[in-house]
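The values are calculated or read from the model by the stated rules, or taken from the named source; none is laboratory data. Please read all numbers here as calculations on a predicted model, not as lab measurements. Neighbour counts run over all protein chains shown; Cβ positions are idealised from the backbone, glycine included.
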Amino acid sequence: MQHLEKPRVRPYLVADQVRGEPSSFEISDLLRLSPAVMRVTALDLEIMKRMEGKQSIAELQDSLKPMLGGGTVSPEYFTKLLAMLEECLFLDSPNWQSAISSPVRPPSCIGCYDADPKNLTEQIESYYLHKNGPGVPKARATDHRMDAVLAPHIDYARGGWNFAHAFGQIYENTTASLFVIVATSHYSPKRFTLTRKSFGTPLGEVPVDNAFCDRLEAVYGSGLYDDELRAHFPEHSIELEVVFLQHLLGPNRPFRIVPLLVGSMDDMLQDAADTSVPADVARMVKALRQAKEATNEPVCFVISGDLAHIGPKFGDKAGLPDDFLSHSQDQDLNLLAAAATGSSQGYRQILATEKDARRICGFPPTWLTLQVLGQCTGKLLRYDQYVNPRGSESVSFAAMAFQTRGR
């Protein structure tokens, strides 16, 4: 096979040293396209670093001789290593190219939810019926009375009922078939990243609204796909919302999404007195507004964002004493109250004043969507504060519904 003549290790792999074994490493896939974890030696890792698609096996053997004191690595050794890399999808090969060029983004969160469609359906239904859930959604909406929801993206085990509060409102209060999912980006340094790949889950495939994406690009400009693979393939913040939409709307109400990941906006939280908006952020606000206005059907925004991330796991040295948890909850509720008035500036001001000390990962998508909606009001549906029993971490999250004033 041609790709084995001058082998190249593909990008987006990470090597972690095995604890207590300085000469052993585990290779894994940052994109989560491959579930494999490949254990290698220090020599294997050195060979992999040299596999850049420029040298044949014989040339690689020669390049290793100085490091090995004139010794060599046998062709059989290379054959075995290449076979392992190929099996794990760690080579730049036809299989790898096929995976990244597929029009469908495969699920990356199996385990958070069940891979079997029937079991997954029952799993989602259980969150509506949970003691903290909203109950089974009532009558399906006959008109568009709601413009956005805030939903968490914490794993379902810790917050599935909170998702249910948000998505129950979608069933009852909007006829939209187009959902702009504005979600926290956890893996890419880029501010904004789109994908045009459909989202695949055990419940089927959900297409992207390409026309809406075209309108976004026309106003925002280029660069929205520069880090598409790293941003979207391993990301959970859109996929977990898509699964709830699929369960909620089912095959009888086809829908499309616009999957927009939003990266850090820490530069907007450095000075509480500074209300300026970076040029790229202002362009995205304008692009989303104009794309929405040019859409001849109801549009519902889904804000995917959690609230505080506190405790030793996130760098807080004081642990999680009760007064710290209580203060964090008070600040969360202040944030949500600001959001409920539609005040993106008030929301930002609270976080800038505390220098985002509690790591509100939902700030970028929430602030952005509030800006796009303009004058709106919100209703808090459910607030939760998860605390790890061992005291290592606490993550808070909420469900809200928004409508523009005058609707």
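Looking at L120, L45, can you tell me which residue is outside any strand (DSSP E or B), in the same structural domain as R158 (by TED's automatic domain parsing) and in contact with a strand residue (DSSP E or B) (Cβ under 6 Å, 6 or more places away or on another chain)?
The match here is L120.
Out of A115, A139, report the one residue that is at pLDDT below 95, assigned by TED's automatic domain parsing to the domain that holds E297 and either under 20 Å from A176 (Cα atoms) or assigned to a loop (DSSP other than H, G, I, E, B) (or both).
A139
Which residue pairs have Cβ atoms closer than 8 Å, lie 6 or more positions apart in sequence or on different chains, and pair a first residue in segment 379-393 that is over 15 Å from W161 (Cβ atoms) with a second residue that is basic (K, R)?
Close Cβ pairs (under 8 Å, with a partner that is basic (K, R)) amount to N388/K313; S392/K313; E393/K313.
Tell me which residues, restricted to segment 176-231, are small (G, A, S) and at negative phi.
A176, S177, A183, S185, S188, S198, G200, A211, A218, S222, A231
Taking segment 262-300 as the search range and keeping residues that are in contact with a strand residue (DSSP E or B) (Cβ under 6 Å, 6 or more places away or on another chain) and part of a helix (DSSP H, G or I), which one is surrounded by the most Cβ atoms within 10 Å (Cβ to Cβ)?
So, considering only residues that are in contact with a strand residue (DSSP E or B) (Cβ under 6 Å, 6 or more places away or on another chain) and part of a helix (DSSP H, G or I), the one surrounded by the most Cβ atoms within 10 Å (Cβ to Cβ) is M284.
Looking at A308, A338, can you tell me which residue is within 22 Å of the chain's Cα centre (by Cα) and in the same structural domain as N162 (by TED's automatic domain parsing)?
Among A308, A338, only A308 is within 22 Å of the chain's Cα centre (by Cα) and in the same structural domain as N162 (by TED's automatic domain parsing).
List the number of the failed condition for L4; all other conditions in (1) touching a residue at least 60 places away in the same chain (Cβ under 8 Å); (2) farther than 21 Å from L229 by Cα; (3) surrounded by 18 or more Cβ atoms within 10 Å (Cβ to Cβ) hold.
That leaves (3) as the condition not met.
Give me a count of the residues in segment 145-198 that are among the polar types (S, T, N, Q) and out of contact with any helix residue (DSSP H, G or I) (no Cβ under 9 Å at 6 or more places or on another chain).
Residues meeting the conditions: 5.
Just checking, how many residues over segment 74-98 are surrounded by fewer than 17 Cβ atoms within 10 Å (Cβ to Cβ) and touching a Leu at 6+ places or on another chain (Cβ under 7 Å)?
Residues meeting the conditions: 1.
Any residue that is touching a strand residue (DSSP E or B) at 6+ places or on another chain (Cβ under 9 Å) and either assigned by TED's automatic domain parsing to the domain that holds H232 or part of a strand (DSSP E or B) (or both) - is there at least one of those in segment 70-88?
No; the residues of segment 70-88 include none that is touching a strand residue (DSSP E or B) at 6+ places or on another chain (Cβ under 9 Å) and either assigned by TED's automatic domain parsing to the domain that holds H232 or part of a strand (DSSP E or B) (or both).
In segment 363-407, which residues are in contact with an Asp or Glu (Cβ under 8 Å, 6 or more places away or on another chain), β-branched (V, I, T) and buried (at least 22 other Cβ atoms within 10 Å of the Cβ)?
If the condition is that a residue be in contact with an Asp or Glu (Cβ under 8 Å, 6 or more places away or on another chain), β-branched (V, I, T) and buried (at least 22 other Cβ atoms within 10 Å of the Cβ), then V395 is the only one that fits.
With the condition kept exactly as written, say whether any residue in segment 370-381 is among the basic types (K, R) and in a strand (DSSP E or B).
yes
Hey, I360 hits all of (1) in a loop (DSSP other than H, G, I, E, B); (2) surrounded by fewer than 23 Cβ atoms within 10 Å (Cβ to Cβ); (3) in contact (Cβ under 8 Å) with a residue 40 or more places away in the chain but one; which does it fall short on?
(2)
Can you say whether S108 is part of a loop (DSSP other than H, G, I, E, B) and modelled with pLDDT of 95 or more, as far as the supplied structure shows?
Considered against the rule, which asks whether it is part of a loop (DSSP other than H, G, I, E, B) and modelled with pLDDT of 95 or more, S108 comes out as yes.
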